[in-house]
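The values are calculated or read from the model by the stated rules, or taken from the named source; none is laboratory data. Quantities reported herein were computed from a predicted structural model and do not represent experimental measurements. Cβ coordinates were reconstructed from backbone atoms using ideal geometry, including for glycine residues, and neighbour counts include every protein chain displayed. The protein model used for the area step is the full one, side chains on, heavy atoms only, and it has no ligands, DNA or RNA in it. Shrake-Rupley method; radii C 1.70, N 1.55, O 1.52, S 1.80 Å.
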Amino acid sequence: MAHLETKTDLLDGFGKEIASIVFPVTICMAATVYLVRQLGEGGELDAQAVTIATAYYKEKPEDSDGVKFEGAVLNALIFVGVIGAMTFVLAGLYWLRCYKFIYGYMAFSVFSIFFVMGGTLFWELFQSWNLEVNIPVFVVLLAIFAVVGVLTLFFMRMPTLVKQAYVIIVGVITAYWFTKIPEWTTWVVLLSMALYDICAVLIPGGPLRMLVHLAQERDEPLPALVYESGPSRGPDYDLGRVWRGRQQGAEQRTTIEDPGEDAEREGNPSPETAANLPVASQVVGPGVELQEIDTLIAPTVERSDEQVQAGFPVDQAEAAPRDEGPQGQHWRREGEEEDGFALPDEIKLGLGDFIFYSLLVGRAAMYDILTVFSCYLAIVMGLGATLFCLALYRQALPALPFSIALGVLYYFLSRGLLEHLVVSLATNLLFV
């Protein structure tokens, strides 16, 4: 019975953790679809505005499919090349400890997104709603909104819900901007970014992998725009780089086991004891950040009640160096010894994943709603597969490949097969 309860708790926790990251992705995609349907494919934000994605070729309706494909491939190569070069530059600045420059650049970029791109988007929305807007008041409110957003994301401690909302807003604005990219270039860019995601995260020497390793060596937070899901296992878990549970009136107890030893553990830990085991996190760089359970040993970080009440962030806690060798010890948590399967209590998803997921469904929204639902289900299935692999293999994984591959496949299947099937059934008054 105890084993069955453990299995049920494991599945229940896994479902909650998936929901905590699928929900914001759904909001971002739904908002993008609404904007595309409300404002249409035209508008002041045309394809020429996204110069990085149309640097070589600007698609024309009279061009042949071969010309469009060739131009789209070259545009995608330039796009991915610029993204990769910027990531290498970021790694170099991070290695040189140019933190002020990095945060300054990111703050300026986010402010530009909120004030310039967001302002244009809001103005178009007000026009589509036939609302009269006082321009001075609109500019002042927009500036306040942008400044608060920058402070929330980079410089101030704000409620988690506020930070999550601002990250989603950045994703929606940028994704809608990217929907102005021509169709052929859009599909090639999506597939190219999925391949780049694999190379940057998994291949040794990849820019994101270098950033992660550098941040781990220094035990410092990596500056990046990520969505941080809240803890799904209750308030006993602390958010941060190192988590530590505290029991009133008793010292923290942890169980450490060397993977090379087959010695049996004495006794079975209670759920409260298992929850008190510290878990260190790995953060993948901008655009592909997923938190994983660190399989390397991380000594317990002691924080006094005074420090907790004073509001010191967990990231500022002092941790001892970790053993990164292949013989590193493992923290054991209840259910992991038997199943070898567990997700972290907090998952981090990069802003780039939000943008490209929403870009895909936004492009589908230009066709019909049926295709939108097909692409949405494909993206959610891909995200679930990514989280499953994350829990199974316990290493940082790119979040784009599964979702983008399934989304693109379902898009063309829906347009080529599902639409004709539904139309033929409806015209013959047949319902399945």
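Details
- Count - residues of segment 21-45 that are open to solvent by less than 30 Å² (accessible area, probe 1.4 Å) and at pLDDT 85 or above: 10
- For PHE388, the conditions (1) crowded, with 20+ Cβ neighbours inside 10 Å; (2) in contact with a helix residue (DSSP H, G or I) (Cβ under 9 Å, 6 or more places away or on another chain); (3) farther than 17 Å from TYR176 by Cβ are fulfilled apart from (1).
- ASN130 open to solvent by 60 Å² or more (accessible area, probe 1.4 Å), out of contact with any Lys or Arg (no Cβ under 6 Å at 6 or more places or on another chain) and at positive phi: yes
- Whichever residue in segment 333-355 is under 25 Å from LEU392 (Cα atoms), part of a helix (DSSP H, G or I) and of a type in the set (A, V, I, L, M, F, W, C) and, among such residues, is modelled with the lowest pLDDT: LEU351
- Test for LEU409: is it under 24 Å from the mean Cα position of the chain (by Cα), within 21 Å of TYR227 (Cβ to Cβ) and modelled with pLDDT of 80 or more: no
- Segment 67-119, residues that are of a type in the set (Val, Ile, Thr) and open to solvent by 40 Å² or more (accessible area, probe 1.4 Å): VAL67, VAL73, ILE78, VAL82, ILE83, VAL89, VAL116
- Residue in segment 357-372 that is free of Cβ contacts under 8 Å to residues at least 60 places away in the same chain, closer than 19 Å to ALA194 by Cβ and surrounded by fewer than 21 Cβ atoms within 10 Å (Cβ to Cβ) present: no
- Among the candidates LEU161, LEU211, LEU225, residue that is at pLDDT 75 or above and open to solvent by 60 Å² or more (accessible area, probe 1.4 Å): LEU161
- Restricting attention to segment 46-66 and to residues that are open to solvent by less than 70 Å² (accessible area, probe 1.4 Å) and part of a helix (DSSP H, G or I), the residue that is farthest from PRO207 (Cα to Cα) turns out to be GLY66.
- With respect to the conditions (1) within 19 Å of GLY40 (Cα to Cα); (2) part of a loop (DSSP other than H, G, I, E, B), ALA396 falls short on a single one, namely (1).
- Per the conditions (1) in contact with a Lys or Arg (Cβ under 9 Å, 6 or more places away or on another chain); (2) outside any helix (DSSP H, G or I); (3) open to solvent by 10 Å² or more (accessible area, probe 1.4 Å), the sole criterion not satisfied by GLN216 is (2).
- Considering residues of segment 51-96 that are among the small types (Gly, Ala, Ser) and without any contact (Cβ under 8 Å) to a residue 60 or more places away in the chain only, the residue farthest from ILE198 (Cα to Cα): SER64
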